[in-house]
Every structure is written in structure tokens, then in C-alpha cells.
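The structure appears right after this line, and notes come after that.
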Amino acid sequence: ETVMTQSPATLSVSPGDRVTLSCRASQSVNSNLAWYQQKPGQPPRLLIYGASTRATGIPARFSGSGSGTGFTLTISSLQSEDFAIYYCQQYNYWPSLTFGGGTRVEIK
Amino acid sequence: QLQLVQSGAEVKKPGASVKISCKAFGYTFTTYYIHWVRQAPGQGLEWMMMINPGGGSTTYAQNFQGRVTLTRDTSRSTVYMDLSSLRFEDTAVYFCARALPGTSAFDVWGQGTLVTVSS
């Protein structure tokens, strides 16, 4: 199984900050990496797929980068609605899709 | 409107079975794979299985093989997930999700169904 490790577990930030979240894979997943945002009581929302392609309707302040084993999700200027938990997911190894443990972005 | 609508919350006893439905609206049902992901209370996301609604083929995560069955009814644009031999640790919110073509990135999610296993 490909283990996805996200860091940090929690990030305390202020609105307007630039935020960088990390996701590391235990083996190369090429660019088969997605990022999701989840708010309490809601399903996850797809932000990025293919490591760097924004999903439909996702604001440009969200960007993804990386390939192989190291990936980054960047929020260029954090808005109040961006406080949530963020998950990465690899879909390179079939049928063993795996998610990271999540990074909680909270208000400082 | 593009959406997946799941059946309502369930409370089951250990050893029982639960069947959850996921109905698709707003797109061609047979064109997109449907996956299931679960989330235990306060925990992360766990991929469980998928179905190709067009041909009916299924793939299950090793953790669930032998205990779960996925079926679909194309006339109703609905996928059914049947999980048997329920354990306390199966208490979770179960989500169905649609995969983007050519990927297993999930662009449309159901609202989730809470399954509580309690004696």
C-alpha cells in the first residue's frame, strides 16, 4: 500500500496569509494526485487533480505542484471560507487508492 | 442538476447487514465510475470499492473483499452498496463519489450516509 503523509497536521494561519501544505508518497505516484477540501458535516470537494489541474469552479488562489513522491497545495491568499481540512489522495496504484491523514487549516 | 443523492442514516446491530443507495442526477449514469469512500467519526478518508455502471464490473479494496457487494440498476441510475457482518468499527459516514474520466479523482460526491453499528 502507498502511504500518503501530510504535513503539518495542523496549520494556524490568518486570513490573507499564503499557505503551503505538503503531501509525500511512500513511492512514486507520478502525477496521479488529487487534493480535496472538507468542511464539517460536508463531503470532500475536489480542488486539484493530476497534481496541478484545478477542478471546475475552483478559484485561482488554489494551486498544486509536484510529481513522483512530493506534492504541494498552495493557497495564495487565504480567505475565511478556506478554513477546513485538506486531504491528498493518490490514484496511481490500482486498486489501492489511498488518502493522506489530512491537514487542518485553522484560524490563528 | 449534477448530483449524487444517498439514502438515509442507518442504525444496525453487530453482525447485521446494511444496504445504501446512491442515485445519480444530471449526467449519463453509465459514463462515469462510482466509488465508495468512508470516514469514521473524527477520522480520515478510506477508499472501499468502485463500480463501472456501464458494464457492472466491480473492484474492492482488500480490507472489504468478501464482506461487501456493489450492484447497479441502470434504469434507476442507482448504485447499491451492501456491507455485511457489521462490526462496531464499521460505524462511519459512507460516501459515494463520481470519478473524473481517466482518473480516480472524485469530482461529485454524495451527501454521505451515517451508519451506526451499536448493540
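The values are calculated or read from the model by the stated rules, or taken from the named source; none is laboratory data. Since the structure is predicted, the reported quantities are computational estimates derived from the model, not experimental observations. Glycine gets a Cβ as well: all are built from the backbone with ideal geometry, and neighbour counts include every protein chain shown. Heavy atoms of the whole protein, side chains included, go into the accessibility calculation; ligands, DNA and RNA do not. Shrake-Rupley method; radii C 1.70, N 1.55, O 1.52, S 1.80 Å.
The calculated FRET efficiency for A:Ile58 paired with B:Ala16, based on their beta-carbon distance and R0 = 30 Å, is about 0.15.
Burial annotation for segment A:64-95: residues with an accessible-area loss of at least 30 Å² between the isolated chain and the complete set of protein chains, computed on heavy atoms with a 1.4 Å probe, are A:Tyr87, A:Tyr91, A:Trp94, A:Pro95. Computed with every protein chain present, the accessible area of B:Thr69 is close to 70 Å² [probe 1.4 Å]. Annotation: extensible slack from A:Arg104 through A:Ser65 equals 12.1 nm (criterion: 0.36 nm per residue apart, minus Cα-Cα distance).
From the alpha carbon centroid of segment A:35-108 to that of segment B:1-77 is 22 Å.
Taking a virtual spin label 7 Å from the Cα of A:Ser28 along the C-beta vector, which residues in segment A:66-108 bring their backbone nitrogen under 15 Å of it? The answer is A:66-71, A:92-93.
Suppose accessible area is computed on protein heavy atoms with a 1.4 Å probe; arrange B:Val11, A:Val29 from highest to lowest.
Details: B:Val11 110, A:Val29 0 Å².
Sorted descending by solvent-accessible area, the residues read B:Val11, A:Val29.
Once the Cβ-Cβ distance of A:Ser14 and B:Glu89 is raised to the sixth power relative to R0 = 45 Å, the FRET efficiency obtained is 0.75.
Quick one: with all protein chains in place, what share of the accessible area of the protein assembly as shown is carbon or sulfur, to the nearest percent (1.4 Å probe)?
Numbers: 4580 of 10100 Å².
Result for the protein assembly as shown: 45 percent of the exposed heavy-atom area is carbon or sulfur.
Using the 1.4 Å probe convention, the accessible area of chain A works out to 44 Å² per residue with neighbouring protein chains retained.
Each of A:Thr5 and B:Asp73 was given a label point 7 Å from its Cα along the Cα-to-Cβ line. The distance between the two points is 4.7 nm.
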